[in-house]
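Note sheet for the following structure.
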Amino acid sequence: MVKTLTRLGIATAATAAFATGAALPAQAQSAFGTATSTTTGKAAGTAGLDAAKALATSRIDGRLETLHALQLAVNDDSRLTASDRSALSTLISGDISGLTSLRGKVGGESTVSAVRADETTMVDQYRVYLLVVPKVHLTNAFDIESAVDSTLQKVHDELAARLAKEPGGGTATEKSQLADLQTQLQNAQQAESGKVSTLLAIQPGPDANAIHSALSPLTTAAKNARADLRKARDDAKALHDELK
Amino acid sequence: MRRATGNAVAAVVALLGTVVLTGVLAGCRAQSTAAQPASAVTSSADATAAAVSGAGAPAATGTANAGVDSDLSSVDGQLAGLDSALAQATQSPSDGG
């Protein structure tokens with residue numbers, strides 16, 4: 001699964017690079033078409049429309065590729081909960097359907113301005129790169145953290161049972177390590193609590209900054225939970241080594 | 001002649017008795033095994049294995065150690081997956097978002 005998602009990251013980056021690279025010659029072509037349209041008339045205008053359609057179509061295709069890769073990753077990921085997998089699958093399928101329709105609409109447009117409007121729709125109504133990609137990966141992160149919580153709680157309970165059998169219930173250091181393990185686990189659970197539902201509720205729209213602001217605290221929470229879980233893991237390892 | 005017949009009858013009766021007794025014992029054993037819950041069968045096997053390996057408290061501790069080792073190893077793998085997921089979640093959006 002890690003490999004699948006890593007491949008997905010590479011595919012996303014490659015798609016973005018392609019889209020960015022494709023934009024430059026298309027823009028140049030568009031400018032060229034505008035300049036010549038004053039001298040060659042209708043033929044140059046058609047060339048400009050075709051170039052606009054080609055660029056818009058390639059941008060939509062980049063998003064569709066990313067969505068298909070995300071769909072595979074979501075289906076393949078055993079660590080996602082069933083409800084999260086279902087929610088993400090529904091989101092991705094809906095976006096694939098909508099963008100495929102939009103792709104057909106772009107092909108039938110008769111003016112450059114209509115194509116530009118379709119591109120605005122492509123970005124604002126879907127937010128594939130800004131929102132859908134982070135939604136999938138952050139949901140995955142929170143679900144992994146939840147699984148780590150369970151595993152480390154099991155380790156905590158096992159170590160607590162063994163410490164209880166030590167004379168005096170273990171040394172002061174051992175008791176402190178066990179207590180900190182539980183504290184770090186609680187901190188992680190608190191950081192994760194309710195975040196997936198908040199994340200999945202964020203909607204696409206024209207305000208990119210608002211989306212970024214909504215995502216930012218969730219990313220911070222996931223990173224904080226990871227730091228807590230690393231500390232809990234370190235406590236567990238240290239205590240386990242002492243009790244061996 | 002009468003004595004020979006008597007001996008033959010006694011031998012047949014003894015043989016029949018042995019067959020019947022063997023059948024009854026086999027039936028009882030089968031019934032006993034079938035009536036035993038799966039967990040009890042497993043416990044019995046575990047008990048036998050423990051006895052063979054000379055197990056007791058030290059073996060139980062060894063098993064617990066192995067369990068914690070395995071869980072901590074699993075956590076390390078999960079944390080590596082978590083790093084990957086977070087890295088991909090925070091990559092810069094492109095192409096207008």
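The residues of region A:129-149 that are more than 16 Å from A:Ala222 (Cα to Cα) and more than 8 Å from chain B (Cβ to nearest Cβ) amount to a single one, A:Val132. Pairs are defined by a Cβ separation below 6 Å, a sequence spacing of at least 6 or placement on different chains, a first member in region A:194-205 that is closer than 15 Å to A:Phe142 by Cα, and a second member that is of a type in the set (A, V, I, L, M); the pairs so defined are A:Lys195/A:Leu218; A:Lys195/A:Ala221; A:Leu199/A:Leu138; A:Leu199/A:Leu218; A:Leu200/A:Ala87.
Which of the residues spanning region A:220-232 are surrounded by fewer than 19 Cβ atoms within 10 Å (Cβ to Cβ) and within 20 Å of A:Val136 (Cβ to Cβ)? A:Thr220, A:Lys223, listed by residue number.
Please find, among A:Arg226, A:Arg230, A:Arg162, the residue that is over 29 Å from the mean Cα position of the chain (by Cα), within 11 Å of another protein chain (Cβ to nearest Cβ) and in a helix (DSSP H, G or I). Walk me through how you get there before you give the answer.
Working: A:Arg226 fails: over 29 Å from the mean Cα position of the chain (by Cα); A:Arg230 fails: over 29 Å from the mean Cα position of the chain (by Cα).
Exactly one of A:Arg226, A:Arg230, A:Arg162 is over 29 Å from the mean Cα position of the chain (by Cα), within 11 Å of another protein chain (Cβ to nearest Cβ) and in a helix (DSSP H, G or I), namely A:Arg162.
For region A:133-144, the criterion of being among the polar types (S, T, N, Q), touching a helix residue (DSSP H, G or I) at 6+ places or on another chain (Cβ under 9 Å) and part of a helix (DSSP H, G or I) is satisfied by at least one residue.
Every number in this text was worked out from the coordinates using simple rules, so none of it is lab data. Everything numeric in this text was worked out from a predicted model, so none of it was measured. Reconstructed Cβ throughout: ideal geometry from the backbone, glycine too, with neighbour counts over all protein chains shown.
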